[in-house]
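For reference, the structure is listed below as structure tokens.
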Amino acid sequence: MKALLYISLLLSFSCATSLREDDCKELEWKRQGLRDASQGLSQSMFSTYKNNCLQNSSYEAQQRDYNLGYHSGLGQYCNYRIGVMLGESGAMINPNCNQKLYPKFFEGYQQGVKAGKKKALQKKGQSSN
């Protein structure tokens, strides 16, 4: 599960670093922000896109649209189910999931941590037999 998260992050980052001029012109920035947030990526990904677009084209990335999409996408990522998955796998809490705005995410994370510890104890008990 943890490996899947890392692969997803690496693929997303590699896509960001390979934007061509046409990509920068045609990219729907709001949709990209939503996609990044729903995958748990940092909002700082925009800086990568911006730098890449400036290097490869004269087109400027649209931060306002990206941010609108990003904030919409956080609601898709910062939910109970993702919290459980991250907690159970031992992953760090995503700092973009603000506890006041996404209390269900934190509730799920805590449940996932408990479940992960329980599984680890069961595994340890089975290996010592």
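Annotation note: Cβ proximity below 7 Å between a residue of the range 70-89 that is free of Cβ contacts under 8 Å to residues at least 40 places away in the same chain and crowded, with 21+ Cβ neighbours inside 10 Å and a residue that is among the aliphatic types (A, V, I, L, M) and in a helix (DSSP H, G or I) (sequence gap 6+ or interchain) occurs for TYR70/LEU34; TYR70/ALA37; LEU74/ALA37; GLY87/VAL113. Has the range 93-101 got any residue that is in contact with a helix residue (DSSP H, G or I) (Cβ under 7 Å, 6 or more places away or on another chain) and modelled with pLDDT of 95 or more? Looking through the range 93-101, none of the residues is in contact with a helix residue (DSSP H, G or I) (Cβ under 7 Å, 6 or more places away or on another chain) and modelled with pLDDT of 95 or more.
Kindly check whether there is at least one residue in the range 1-17 that is modelled with pLDDT of 90 or more, small (Gly, Ala, Ser) and in a helix (DSSP H, G or I).
Within the range 1-17 (the criterion being modelled with pLDDT of 90 or more, small (Gly, Ala, Ser) and in a helix (DSSP H, G or I)), the answer is no, since none of the residues qualifies.
Applying the selection to the range 52-104, what residues are among the aromatic types (Phe, Trp, Tyr) and closer than 17 Å to ASP36 by Cβ? Break it down into steps so the answer makes sense when it comes.
First pass over the range 52-104, keeping only residues among the aromatic types (Phe, Trp, Tyr): 59, 66, 70, 77, 80, 102.
Within the range 52-104, TYR66, TYR70, TYR77, TYR102 qualify.
The values are calculated or read from the model by the stated rules, or taken from the named source; none is laboratory data. Model, not experiment: these values are computed from the prediction. Methodologically, a virtual Cβ is constructed for each residue, glycine included, from the backbone with ideal geometry; neighbour enumeration extends over all protein chains shown.
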